[in-house]
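A quick write-up on the structure given underneath.
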Amino acid sequence: MKYFQHIQSELKLPCDFPKKIPTSTGYQYIDTLTKLMNTFSLDYGNISDDTIKGLQDSLSNYIGDQYMDEGLPNMENILNEPKFLNEKSDVTIEYLEKALDFVFSEEEVLGNRQARSFSQGLVTQLHNLKDKYSNNLFNAEQRISINDILHGHSGIIVIDVSQIIDDDGLKLFSNFVSRHLFEKNRQDPSRENNPVYLIFDEAHRYIKEGAIADDSIFNRIAREGRKFGINLTVISQIPSELSRVVLSQTSTFIIHRIQNSLDLDYIRKNVPAISNDQVFRLPYFSPGTAAILGSSMKIPMEIKVDGTFKDATPLISMRK
């Protein structure tokens with residue numbers, strides 16, 4: 001019935017109808033598909049063979065014998081049929097929402113009554129994303145696809161996502177950009193000549209410990225991105241909330257003034273080569289002062305960022 005209710009207006013009675021079909025109250029003359037469907041009542045399993053065959057035949061005539069298996073749709077054959085696939089550019093959140101509902105219906109038909117309730121958190125997040133971003137997801141202000149921007153531009157690309165105020169939207173967008181560029185470079189034989197540097201600001205909002213899975217795209221880039229020519233830089237005011245995997249794979253740290261005791265303790269325990277004296281100095285750094293250390297530095301240094309561009313004036317002046 002879950003299959004039929006979506007397409008019943010497009011189905012036709014099999015050619016051997018109309019006919020009389022035995023029901024729990026006697027016989028009923030069936031001359032419409034709606035009447036035939038109404039005779040499909042479990043009634044302790046006493047369903048007429050004519051009812052079952054009639055419904056199976058009407059469905060088989062609609063979708064084709066090659067997609068049927070013992071009177072029921074063969075989902076594998078249907079889902080693997082290329083002509084039924086939508087172009088990637090045409091797929092929307094609404095399609096994904098319908099696909100999830102179909103999966104839940106299929107599970108319920110097979111007897112799994114808990115799949116829908118167990119996935120309610122996922123469904124709720126999807127609904128929230130659809131309500132907020134279905135009209136402009138992954139499009140710039142001029143309705144230019146972010147996909148086109150990533151493919152059609154070289155050099156430095158700055159994408160302002162300050163209008164995405166919730167963390168779910170930021171996580172979705174940053175995942176999309178990261179995965180897209182990672183797969184692009186992974187399959188590019190000339191990737192050594194086209195390195196990619198991803199720089200994420202406010203990273204604690206979407207590259208957050210506990211909020212991303214261990215196999216997330218950020219952790220994967222941190223672990224193996226270098227061999228595919230893709231590098232990750234994360235910027236955060238709350239380092240204690242960042243993914244531990246990303247932080248453990250970081251080779252260079254640039255640390256400005258930090259005053260929160262939790263973050264200071266986190267840096268002391270998780271940043272290699274930093275001493276207690278350096279951690280002690282961090283709360284007293286003046287604006288623009290930063291410590292640079294890590295495996296890429298022969299010796300730790302403190303630098304002063306000028307912050308202005310002037311003729312023949314270096315942007316960064318160094319001091320011991």
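The values are calculated or read from the model by the stated rules, or taken from the named source; none is laboratory data. This is a predicted model, so every value here is computed, not measured. With ideal geometry, Cβ positions are generated from the backbone for all residues, glycine too; neighbour counts draw on all protein chains shown.
See the values below:
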quantity	calculated
Any hit, the stretch 213-231, residues being surrounded by 14 or more Cβ atoms within 10 Å (Cβ to Cβ), of a type in the set (Lys, Arg) and in a loop (DSSP other than H, G, I, E, B)	no
Criterion: at pLDDT below 85 and either within 21 Å of the chain's Cα centre (by Cα) or not in a loop (DSSP other than H, G, I, E, B) (or both) - qualifying residue of Tyr29, Tyr44, Tyr62	Tyr44
Members of the stretch 85-97 that are part of a helix (DSSP H, G or I) and loosely packed, with under 10 Cβ neighbours inside 10 Å	Lys88, Ser89, Asp90
From Ile235, Ile221, residue being within 24 Å of the chain's Cα centre (by Cα), more than 20 Å from Leu282 (Cβ to Cβ), among the aliphatic types (A, V, I, L, M) and at pLDDT 90 or above	Ile221
Test: residue in the stretch 182-199 that is hydrophobic (A, V, I, L, M, F, W, C), over 23 Å from Thr92 (Cα atoms) and surrounded by 14 or more Cβ atoms within 10 Å (Cβ to Cβ)	yes
Positions within the stretch 67-78 being surrounded by 11 or more Cβ atoms within 10 Å (Cβ to Cβ), free of Cβ contacts under 8 Å to residues at least 24 places away in the same chain and within 25 Å of the chain's Cα centre (by Cα), in sequence order	Ile78
Tabulated pairs, the stretch 93-106, first farther than 21 Å from Gly169 by Cβ, second assigned to a helix (DSSP H, G or I), C-beta under 6 angstrom, 6+ apart or interchain	Phe104/Ala115; Phe104/Arg116
Residue in the stretch 168-190 that is over 30 Å from Met75 (Cα atoms), at pLDDT below 80 and assigned to a helix (DSSP H, G or I) present	yes
